[in-house]
Every structure is written in C-alpha cells, then in structure tokens.
Amino acid sequence: VLFLKQEGFAVVSDLITTDTPAQCFNQNWHFMPSANPMCDYNNHISTTFDTGNIILVCPDCDTAQISEDIFSRGYGMAEASHMATFTKYGQSASMTTLLLPCEGEAKRVSAYSTTPEDLSSSSAVFDIESDRCVFYTKNDAPGRFLDCTFDGDMAFLINGRVFISGGSTLCINSADIIQSPTTIKDMYMHIASGIVEIESNSLKPCTKRDEAIKIYAPKTTHVLLNGENIPFTLYSDYVYAVKPQ
C-alpha cells in the first residue's frame, strides 16, 4: 500500500501466485450502507456520499461489479450494504487499485495496466483529470515501464514528483533522473521553480559527487530535506545534496 499524502490518494498493489490450475481471484471492497456505490462501463466504481466520495479503479481486473453485502455496527445488529468486486482470472494475478477520495463529484479517471504476462513486475497508469500518475512495483526482477527503467522495489511518478523505494537508479528515456551509489530505502522528491524538495527517513545531507545521489534538476536554486534548507552542488544539470545513511 502506498499513500501519497500531498496528492491525497492511495495505491494498493496485490500479487497472488498459486500452484493450482487457473482460477478466479476476487478483490473485495466493502462500503457503508449509505455509500450507494456505482460501476460504470470503464470498471470504475464510485460512491455518492453527501460529505465525500471515493473512486476505485483497477486497470488489471477482467471484470468489476457491485453486489449485496452486510454491514454490522455491533453484535446482533446488521444492515444491508454493498461491496465492490474486481475479478481476475488465471493461475496468478497482479492487481493494482487506485483509491481516490473526492470531496464532491467524481473526478475523470482513465487507467490502464502495463503488467507483463510473466508478472516479473506490475505497473499501472492513472490519468486523473490532467495529471498522469505512473505506479510500478518489482515482483521478481528489475524492469521497464512505459519509457522508464528502475532497479528497485517500487516507484511512483506524477507531474514532477517521484517516490522510489529499495532502488538506486531511475531513468526516463534512457536518461538518469536519480542515480545513487547505494540503495535508497525511501525517497520522495518534488521539483518545481528551481526548488528541489526531498522527504526521506533514510537520507542525510551530502554534497560530495562521489558519495551523493545524482538528481537531474537543472537551474536549481534551493534544496530542502524534510523541510530544511541544505547545501548542494550543481554540476552539468545534476544536483548533489543528499546520500543514503
């Protein structure tokens, strides 16, 4: 599960493997009785609460449907409710689901999966209004998704913001965006207007080019680590400001 605090939504990635013959996998989401969920022709499931809504999108699924459910607030009390079910057929299954809260009407979302048949990795693309969000997880080996390559466990990209975990090199169109001499446990980065904002529990300041992480960020004027200004070195459009602890 990856929760993007600034973006305000979450991505859930499931990988299920079995030794049995092909079968049906169901991913179920249970709703409160007043949620009134609906499923459209794109397999998008959304609710119609007065105080807030949520959109569920699973581009990996074969089918999506709403079915009856039971909700219990306590022992001996039960109400009629509904649940959403995303279904996948096969011997193994990869299912990546977007959970997008909405204050008012549901936002326009389109999505598709780029997961290879061998399930060596899982990736999904979500277009939320004008924002393109790309989510990637490594299952067995480093892989490629769209025009990106990544050697780590998980990556997420959205409009100048990127999160990576358990890797050292992220490339787009064969150009290094992030390159570290050692594995980065966790790193969230936002680049805009000459400011590089970095959040991490595993990085510390460092400006030495042979030790620091190489970050593509031309015309950088400031670098922040967990909200604090830190020194940096700028060389050939790359910034050197942090390294893994």
The range 153-245, Cα convex hull volume normalised per residue, Å³: 90
Listed residue pairs exceeding 26 Å between alpha carbons, taken from LYS5/LYS208; LYS138/LYS219; LYS107/LYS138; LYS5/LYS204: LYS5/LYS208; LYS138/LYS219; LYS107/LYS138
Overall Cα dimensions of the range 19-69, principal axis frame, Å, largest first: 45, 22, 14
P(r) of the range 1-112 over all Cα-Cα pairs, binned every 5 Å from zero, in whole percent: 2, 11, 20, 21, 19, 14, 8, 4, 1, 0
Gyration tensor over alpha-carbon atoms, the range 27-170, equivalent ellipsoid semi-axes in Å: 31, 18, 14
Local electrostatic count, CYS61, Cβ distance below 15 Å [Lys/Arg +1, Asp/Glu -1]: -3
Cα-centred dipole magnitude for the chain, charges only on beta-carbon of K, R (+1) and D, E (-1), debye, nearest 20: 780
The range 1-126, accessible area per residue, ligands and nucleic acids excluded (1.4 Å, Å²): 56
Cβ-defined net charge surrounding GLU197, 11 Å radius [Lys, Arg +1; Asp, Glu -1]: -1
Two-decimal Rg to Rh for the chain - Kirkwood Rh, Cα set: 1.04
Coarse-grained scattering of the range 126-205 at q = 0.13, 0.20, 0.25 Å⁻¹, given as base-10 log I(q)/I(0) from a Debye sum over alpha-carbon atoms: -0.39, -0.93, -1.37
Solvent-accessible area per residue, Å², over the range 135-245 with all protein chains present [probe radius 1.4 Å]: 49
Difference of contour (0.36 nm per residue) and Cα-Cα distance, THR20 to VAL1: 4.2 nm
Length-normalised contact order for the range 67-222 - Cα pairs under 8 Å, 6+ apart - percent: 11
Rel. contact order, % - alpha carbon contacts under 8 angstrom, at least six apart, the range 1-52: 18
P(r), alpha carbons of the range 185-225 - 10 Å bins starting at zero, rounded %: 26, 61, 12
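The values are calculated or read from the model by the stated rules, or taken from the named source; none is laboratory data. Just so it is clear, the model here is predicted, and its values are computed rather than measured. When we count neighbours, we look across all protein chains shown, and the Cβ atoms used for this are built from the backbone with ideal geometry, even at glycine. Just so you know, the surface numbers come from the protein's heavy atoms only, side chains and all, with ligands and any DNA or RNA stripped out. Shrake-Rupley method; radii C 1.70, N 1.55, O 1.52, S 1.80 Å.
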